[in-house]
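Undergrad: Shown below is the structure under consideration.
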Amino acid sequence: MLTPKEQMRIICKGVHQCINEEELLAKLERSFNQKEPLIIKLGLDPSAPDIHLGHGVVLRKIRQIQELGHKAVIVIGDFTGKIGDPAGKSKGRNLLTDEQVKENASTYCEQIFKILDKERTVVTFNSQWLSKLCFEDVMKLAASTTVARMLERDEFEKRFKHGVPIGIHEFFYPLMQAYDSVELHADIELGGTDQTFNILMGRTLQKSMGQEAQVALLMPILEGTDGVEKMSKSLGNYIGIHEPAEVMFKKVMEIPDHLIIRYFELATDEHPDEIDKIRQQLSEGENPRDIKFKLAEIITALYHSQEEVLKAVSYYEAAFRKKSTPDDIPTMILAIGRETVNDTIPQFVAMGFVKSRSEFIRLLKQGGIRLNEEKIVEDDLNTVLFNNDVLKIGKKLFVRVNK
């Protein structure tokens, strides 16, 4: 196990805020001396199970802490998920059914181990303890804070100010999430900056119940490939952890140069010393494209085999540097009865090759769609596709058609 101070460097890499560092160092020193791992908590509300690199920021940080010898406890909010976290919401959320919660939780469990060390991870469900609280317990829990404190939360404050209803049950979300920390005796809790209120509530409740307060590690929100907006599937600027290697590689290559270091810090497990070297290389004038190429290899290798990474590199080199059609490209199996270019557009959208039909048509009008290296226009939409035809969509995506 590394020394507490060296562990601090790794843990705090890329962190937006640590509350607080003195407490964290003290916990690490105790853990080091007693050879006892710290308990690292992450709560997941199973309402949006598709994980991309933005979600992966917190998971990657947990993996880094696991590599230091500590234990992660993932709390699937099957109980709190029925309420829904009001973070970032201008109105109350619809309650999830038991079936929805179970289905989403199962999907999360499948995905998180693409990143986390399964041997150092415990997955639990907060219904195990929250469902057993009696009404007297709930009243005591409610008495630990005030309405004024709850209204300090931005979302509640704005809704109250504008006369938007706030259900009393919504006040219980941060309290129940905080009670998870009490139940687990959590040493550290991680979350995005949008989870600040919830995580600090955990510190408060632990103190009120005579426990040592957890350290809050608040991670930044990762910008998407557009370099401006928060990474989001709905905005189309995301990099999914389950996407094919060649798609992931090319998407990383698309990020703006000013985000290179940020992605190294938040989306990789590179040591702070290595990132300092990369920062120095950029400041000395090394071509950002070459640094980004290395970044794309590192990120793709986190989620794919070495063989897949090599194929992705080969694909990128052929498609975007040599401007030729790569040999190893994604294949689309035509649905029955869909044989023209126009018929296949819904499949392109479903597979993530384009965001919408309107985007495909826009690219078409701009001369950005090619069939077997020949530009096609709107009049060509009814062109019949044959086995092994290759469509090029935009500047960077090739798809081979199979029947």
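The values are calculated or read from the model by the stated rules, or taken from the named source; none is laboratory data. Here the structure is a predicted model, which means the values were calculated and not measured. So basically every Cβ, Gly included, is an ideal-geometry build from the backbone, and we count neighbours across all protein chains shown. Note: accessible area is taken over every heavy atom of the protein model, side chains too, but ligands, DNA and RNA are not part of it. Shrake-Rupley method; radii C 1.70, N 1.55, O 1.52, S 1.80 Å.
Undergrad: Looking at the structure I just gave you, is Glu36 charged (D, E, K, R), in a loop (DSSP other than H, G, I, E, B), at pLDDT 90 or above and surrounded by fewer than 19 Cβ atoms within 10 Å (Cβ to Cβ)?
TA: So Glu36 passes the test.
Undergrad: A follow-up question, please. Among the residues of the stretch 380-401, write down those that are in contact with a helix residue (DSSP H, G or I) (Cβ under 9 Å, 6 or more places away or on another chain), within 26 Å of Lys251 (Cβ to Cβ) and of a type in the set (Val, Ile, Thr).
TA: Within the stretch 380-401, Ile393, Val399, Val401 meet the criteria.
Undergrad: Moving to a separate point now. Which of the following residues is open to solvent by less than 70 Å² (accessible area, probe 1.4 Å) and basic (Lys, Arg): Lys233, Lys277, Lys292?
TA: Unique residue meeting the criteria: Lys292.
Undergrad: Search the stretch 151-171 for residues being on the phi < 0 side of the Ramachandran plot and part of a loop (DSSP other than H, G, I, E, B), and hand back the single one that is most open to solvent (accessible area, probe 1.4 Å).
TA: His162
Undergrad: Same structure again: Do we have Gly224 as surrounded by 23 or more Cβ atoms within 10 Å (Cβ to Cβ) and either of a type outside the set (D, E, K, R) or closer than 20 Å to Ile115 by Cβ (or both) here?
TA: So Gly224 fits the description; yes.
Undergrad: Only one residue in Leu217, Leu200 is modelled with pLDDT of 90 or more and touching a Cys at 6+ places or on another chain (Cβ under 7 Å). Which one?
TA: From the options Leu217, Leu200, the qualifying one is Leu217.
Undergrad: Please go through the stretch 103-141 and give me each residue that is crowded, with 17+ Cβ neighbours inside 10 Å, outside any helix (DSSP H, G or I) and aliphatic (A, V, I, L, M), ordered by number.
TA: Selection gives Ile115, Leu116, Val123.
Undergrad: What helices (runs of 4 or more DSSP H), lying completely within the stretch 251-351, carry at least 1 residues that are at pLDDT 90 or above and of a type in the set (Asp, Glu)?
TA: Because the criterion is at least 1 residues that are at pLDDT 90 or above and of a type in the set (Asp, Glu), the helices (runs of 4 or more DSSP H) in the stretch 251-351 that meet it are 260-267, 272-283, 288-303, 306-316.
Undergrad: Give me the residue from the stretch 352-368 that is charged (D, E, K, R) and modelled with pLDDT of 85 or more and, out of that set, surrounded by the fewest Cβ atoms within 10 Å (Cβ to Cβ).
TA: Here the residue is Lys365.
Undergrad: Among Ile62, Ile74, Ile19, which is surrounded by fewer than 22 Cβ atoms within 10 Å (Cβ to Cβ) and either under 21 Å from Ile299 (Cβ atoms) or touching a residue at least 60 places away in the same chain (Cβ under 8 Å) (or both)?
TA: Ile19
Undergrad: Please count how many residues of the stretch 120-144 are of a type outside the set (Lys, Arg) and more than 23 Å from Asp50 (Cα to Cα).
TA: Qualifying residue count, the stretch 120-144: 15.
Undergrad: Could I ask something else about it? What is the number of the single condition among (1) open to solvent by 10 Å² or more (accessible area, probe 1.4 Å); (2) within 19 Å of Leu44 (Cβ to Cβ); (3) touching a Phe, Trp or Tyr at 6+ places or on another chain (Cβ under 9 Å) that Pro174 does not meet?
TA: The single condition Pro174 does not satisfy is (1).
Undergrad: Another question about this same structure. Please work out if Met209 is of a type in the set (A, V, I, L, M, F, W, C), over 19 Å from the mean Cα position of the chain (by Cα), at negative phi and open to solvent by 10 Å² or more (accessible area, probe 1.4 Å).
TA: yes
Undergrad: Say we look at the stretch 177-194 and pick out the residues that are among the aliphatic types (A, V, I, L, M) and outside any loop (DSSP other than H, G, I, E, B); which of these is surrounded by the most Cβ atoms within 10 Å (Cβ to Cβ)?
TA: Once the filter is applied, the top-ranked residue is Ala178.
Undergrad: Take the stretch 194-238 and flag every residue that is within 22 Å of Ile40 (Cβ to Cβ) and among the β-branched types (Val, Ile, Thr).
TA: Scanning the stretch 194-238 gives Thr196, Ile199, Thr204, Val215, Ile221.
Undergrad: From the list Gly56, Gly43, pick out the single residue that is under 30 Å from Glu99 (Cα atoms), outside any helix (DSSP H, G or I) and open to solvent by less than 50 Å² (accessible area, probe 1.4 Å).
TA: Gly43
Undergrad: Within the stretch 1-33, can you find the residues that are among the polar types (S, T, N, Q) and not in a helix (DSSP H, G or I)?
TA: If the condition is that a residue be among the polar types (S, T, N, Q) and not in a helix (DSSP H, G or I), then Thr3, Gln17, Asn20 are the ones that fit.
Undergrad: Just give me the residues in the stretch 19-37 being touching a strand residue (DSSP E or B) at 6+ places or on another chain (Cβ under 6 Å), closer than 19 Å to Gln195 by Cβ and not acidic (Asp, Glu), in sequence order.
TA: Ile19, Leu24
Undergrad: Next question. Could you list all residues from the stretch 92-135 that are closer than 17 Å to Phe172 by Cβ and at pLDDT below 80?
TA: Gly92, Arg93, Asn94, Leu95, Leu96, Val101
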